[in-house]
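Following: one structure in C-alpha coordinates, then a few remarks.
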Amino acid sequence: HRVKNNLQIVASLLNLQKSKSEDPNVLDMISISQNRIYSIALVHELLYNSEDFESVDIKDYSERIINSIICRTALNKLKLVIEVKKELIELDTLIPCGLILCEAVTNFLKHAIHKDPALEVKFIRNINERVLIVKDNGPGFPEDVLSGNYDSLGIELIQSLSSQLDGVVRLYNNN
(Lines give C-alpha, C1' and ligand atoms only; values in the text may rest on other atoms or scores of the structure.)
Protein backbone atom coordinates (compact mmCIF):
# COMPACT_ATOMS: atom_id res chain seq x y z
CA HIS A 1 0.00 0.00 0.00
CA ARG A 2 2.90 2.33 0.78
CA VAL A 3 4.52 1.61 -2.57
CA LYS A 4 1.33 2.59 -4.40
CA ASN A 5 1.02 5.79 -2.35
CA ASN A 6 4.64 6.73 -3.00
CA LEU A 7 4.17 6.16 -6.73
CA GLN A 8 1.07 8.37 -6.62
CA ILE A 9 3.17 11.10 -4.99
CA VAL A 10 5.73 10.85 -7.80
CA ALA A 11 2.93 11.07 -10.38
CA SER A 12 1.54 14.14 -8.60
CA LEU A 13 4.96 15.78 -8.59
CA LEU A 14 5.16 15.18 -12.33
CA ASN A 15 1.73 16.78 -12.67
CA LEU A 16 3.01 19.87 -10.88
CA GLN A 17 6.00 19.90 -13.23
CA LYS A 18 3.60 19.76 -16.21
CA SER A 19 2.00 23.00 -15.10
CA LYS A 20 5.39 24.73 -15.37
CA SER A 21 5.87 23.97 -19.07
CA GLU A 22 4.12 24.76 -22.30
CA ASP A 23 6.50 22.75 -24.48
CA PRO A 24 4.44 19.96 -26.13
CA ASN A 25 7.43 17.58 -26.13
CA VAL A 26 8.01 18.05 -22.41
CA LEU A 27 4.30 17.65 -21.66
CA ASP A 28 4.20 14.48 -23.76
CA MET A 29 7.23 12.97 -21.99
CA ILE A 30 5.76 13.74 -18.58
CA SER A 31 2.40 12.18 -19.54
CA ILE A 32 4.11 9.04 -20.79
CA SER A 33 6.10 8.82 -17.55
CA GLN A 34 2.89 9.22 -15.55
CA ASN A 35 1.34 6.32 -17.50
CA ARG A 36 4.34 4.14 -16.66
CA ILE A 37 4.11 5.04 -12.99
CA TYR A 38 0.36 4.37 -13.01
CA SER A 39 0.86 0.89 -14.47
CA ILE A 40 3.25 -0.01 -11.65
CA ALA A 41 1.04 1.58 -8.96
CA LEU A 42 -1.97 -0.30 -10.33
CA VAL A 43 -0.24 -3.64 -9.71
CA HIS A 44 0.24 -2.71 -6.08
CA GLU A 45 -3.36 -1.51 -5.75
CA LEU A 46 -4.72 -4.74 -7.22
CA LEU A 47 -2.35 -6.78 -5.10
CA TYR A 48 -3.44 -4.95 -1.96
CA ASN A 49 -7.09 -5.63 -2.77
CA SER A 50 -6.59 -9.30 -3.63
CA GLU A 51 -6.57 -12.35 -1.42
CA ASP A 52 -3.34 -13.56 -3.02
CA PHE A 53 -0.42 -11.23 -2.27
CA GLU A 54 1.84 -12.73 -4.92
CA SER A 55 -0.19 -12.52 -8.14
CA VAL A 56 -2.83 -10.41 -9.89
CA ASP A 57 -5.47 -11.11 -12.55
CA ILE A 58 -4.02 -10.11 -15.93
CA LYS A 59 -7.50 -9.43 -17.39
CA ASP A 60 -8.45 -6.79 -14.83
CA TYR A 61 -4.96 -5.30 -14.88
CA SER A 62 -4.80 -5.06 -18.69
CA GLU A 63 -8.26 -3.52 -19.01
CA ARG A 64 -7.53 -0.92 -16.36
CA ILE A 65 -4.19 0.07 -17.89
CA ILE A 66 -5.66 0.41 -21.38
CA ASN A 67 -8.73 2.31 -20.25
CA SER A 68 -6.76 4.67 -18.00
CA ILE A 69 -4.41 5.64 -20.83
CA ILE A 70 -7.15 5.99 -23.43
CA CYS A 71 -9.54 7.94 -21.19
CA ARG A 72 -6.93 10.72 -20.92
CA THR A 73 -7.27 11.36 -24.64
CA ALA A 74 -10.06 12.82 -26.70
CA LEU A 75 -10.73 9.72 -28.81
CA ASN A 76 -14.32 9.52 -29.89
CA LYS A 77 -14.56 6.69 -32.41
CA LEU A 78 -12.03 4.18 -31.12
CA LYS A 79 -12.86 0.57 -31.87
CA LEU A 80 -11.28 -1.21 -28.90
CA VAL A 81 -11.12 -4.99 -28.58
CA ILE A 82 -9.52 -6.56 -25.50
CA GLU A 83 -9.28 -10.34 -25.44
CA VAL A 84 -7.63 -11.33 -22.19
CA LYS A 85 -8.79 -14.26 -20.09
CA LYS A 86 -8.74 -14.22 -16.32
CA GLU A 87 -5.45 -15.59 -15.09
CA LEU A 88 -3.40 -14.91 -12.01
CA ILE A 89 0.10 -13.82 -12.95
CA GLU A 90 3.01 -13.37 -10.57
CA LEU A 91 4.43 -9.87 -10.09
CA ASP A 92 7.80 -10.61 -11.70
CA THR A 93 5.95 -11.25 -14.96
CA LEU A 94 3.02 -8.88 -14.52
CA ILE A 95 4.90 -5.62 -14.04
CA PRO A 96 7.01 -5.97 -17.22
CA CYS A 97 3.89 -7.09 -19.15
CA GLY A 98 2.00 -4.05 -17.88
CA LEU A 99 4.80 -1.70 -18.87
CA ILE A 100 5.04 -3.30 -22.32
CA LEU A 101 1.29 -2.86 -22.75
CA CYS A 102 1.52 0.73 -21.55
CA GLU A 103 4.25 1.47 -24.12
CA ALA A 104 2.32 -0.21 -26.93
CA VAL A 105 -0.91 1.68 -26.20
CA THR A 106 1.01 4.93 -25.87
CA ASN A 107 2.70 4.24 -29.22
CA PHE A 108 -0.73 3.65 -30.77
CA LEU A 109 -2.05 6.95 -29.42
CA LYS A 110 1.04 8.81 -30.55
CA HIS A 111 1.43 7.39 -34.07
CA ALA A 112 -1.62 5.43 -35.23
CA ILE A 113 -4.55 7.74 -34.70
CA HIS A 114 -6.54 8.59 -37.82
CA LYS A 115 -10.18 8.86 -38.90
CA ASP A 116 -11.37 5.42 -37.67
CA PRO A 117 -8.80 4.17 -35.14
CA ALA A 118 -8.90 0.56 -33.98
CA LEU A 119 -6.87 -1.14 -31.27
CA GLU A 120 -6.88 -4.83 -30.45
CA VAL A 121 -5.11 -6.37 -27.46
CA LYS A 122 -4.86 -10.11 -26.91
CA PHE A 123 -3.08 -12.07 -24.23
CA ILE A 124 -2.82 -15.74 -25.13
CA ARG A 125 -1.48 -18.52 -22.96
CA ASN A 126 -0.06 -21.47 -24.85
CA ILE A 127 1.48 -24.54 -23.25
CA ASN A 128 5.01 -23.13 -22.95
CA GLU A 129 4.54 -19.44 -23.56
CA ARG A 130 2.41 -16.36 -23.16
CA VAL A 131 1.84 -14.08 -26.12
CA LEU A 132 0.84 -10.43 -25.91
CA ILE A 133 -0.49 -9.10 -29.21
CA VAL A 134 -1.14 -5.41 -29.70
CA LYS A 135 -2.57 -4.65 -33.12
CA ASP A 136 -3.83 -1.40 -34.62
CA ASN A 137 -4.89 -0.08 -38.00
CA GLY A 138 -2.42 2.80 -38.10
CA PRO A 139 0.17 3.54 -40.79
CA GLY A 140 2.66 1.00 -39.43
CA PHE A 141 6.21 1.24 -38.19
CA PRO A 142 8.80 3.17 -40.16
CA GLU A 143 11.27 0.93 -41.99
CA ASP A 144 14.14 1.89 -39.66
CA VAL A 145 12.16 0.65 -36.64
CA LEU A 146 11.41 -2.66 -38.36
CA SER A 147 15.08 -3.11 -39.20
CA GLY A 148 16.13 -2.43 -35.59
CA ASN A 149 17.52 1.07 -36.14
CA TYR A 150 15.46 3.28 -33.89
CA ASP A 151 15.82 6.07 -31.41
CA SER A 152 12.69 5.43 -29.38
CA LEU A 153 12.63 4.96 -25.63
CA GLY A 154 9.27 3.16 -25.93
CA ILE A 155 10.54 0.52 -28.36
CA GLU A 156 13.75 0.21 -26.35
CA LEU A 157 11.72 -0.40 -23.17
CA ILE A 158 9.56 -2.99 -24.91
CA GLN A 159 12.69 -4.79 -26.14
CA SER A 160 14.38 -4.64 -22.73
CA LEU A 161 11.32 -5.72 -20.74
CA SER A 162 10.66 -8.57 -23.17
CA SER A 163 14.19 -9.89 -22.80
CA GLN A 164 13.80 -9.60 -19.02
CA LEU A 165 10.92 -12.08 -19.44
CA ASP A 166 13.01 -14.25 -21.81
CA GLY A 167 10.64 -13.07 -24.52
CA VAL A 168 10.93 -11.97 -28.12
CA VAL A 169 9.50 -8.86 -29.74
CA ARG A 170 8.17 -9.09 -33.28
CA LEU A 171 7.04 -5.96 -35.11
CA TYR A 172 4.86 -6.29 -38.21
CA ASN A 173 3.31 -3.94 -40.71
CA ASN A 174 0.39 -5.97 -41.96
CA ASN A 175 -2.67 -3.86 -41.20
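Assorted remarks:
- Distance distribution P(r), the range 76-175, all Cα-Cα pairs, bin width 10 angstrom from 0: 14, 47, 32, 7 percent.
- Under-5 Å amide H pairs with Asp57, H placed in peptide plane, nonlocal only: Ile89
- The range 129-175: Rg to Rh, with Rh as the Kirkwood radius over Cα pairs: 0.96
- DSSP H segments from the chain that extend 27 Å or more along their own axis, Cα-based, with Kyte-Doolittle mean of -1.0 or above: 24-48, 91-111
- The range 60-167: GluC sites (Glu not before Pro) falling in loop per DSSP and having at most 14 other Cβ within 10 Å: Glu87, Glu129
- Just the protein heavy atoms count here, and of the accessible area of the chain at 1.4 Å, carbon and sulfur take up 50 percent.
- Projected-area average for the range 16-129 over all orientations - Cα convex hull basis, square nanometres: 8.4
- A compact globular protein would have a Cα radius of gyration near 2.2 N^0.38 Å; the ratio found for the range 105-164 is 1.26.
- Mean separation of Cα pairs under 8 Å and 6 or more residues apart, divided by the residue count, gives the chain a relative contact order of 18 percent.
- Among Ser12, Ser33, Ser147: highest mean-square fluctuation, GNM of the chain, C-alpha pairs under 10 Å: Ser147
- Ranking by accessible area, most exposed first, for Arg64, Arg125, Arg170 with a 1.4 Å probe: Arg170, Arg125, Arg64
- Top of Asp23, Asp92, Asp116 by mean-square fluctuation, Gaussian network on the chain, Cα under 10 Å: Asp23
- Sites excluded, chymotrypsin sites (Phe, Trp or Tyr not before Pro) in DSSP loops with at most 14 other C-beta within 10 Å, longest stretch of the chain: 54-171
The values are calculated or read from the model by the stated rules, or taken from the named source; none is laboratory data. Small disclaimer: the values here were computed from a predicted structure and weren't measured. Here the Cβ is made from the backbone with ideal geometry for all residues, glycine too, and neighbour counts use every protein chain on show. To get the accessible areas, we keep the full protein, side chains included, count just its heavy atoms, and leave off ligands, DNA and RNA. Shrake-Rupley method; radii C 1.70, N 1.55, O 1.52, S 1.80 Å.
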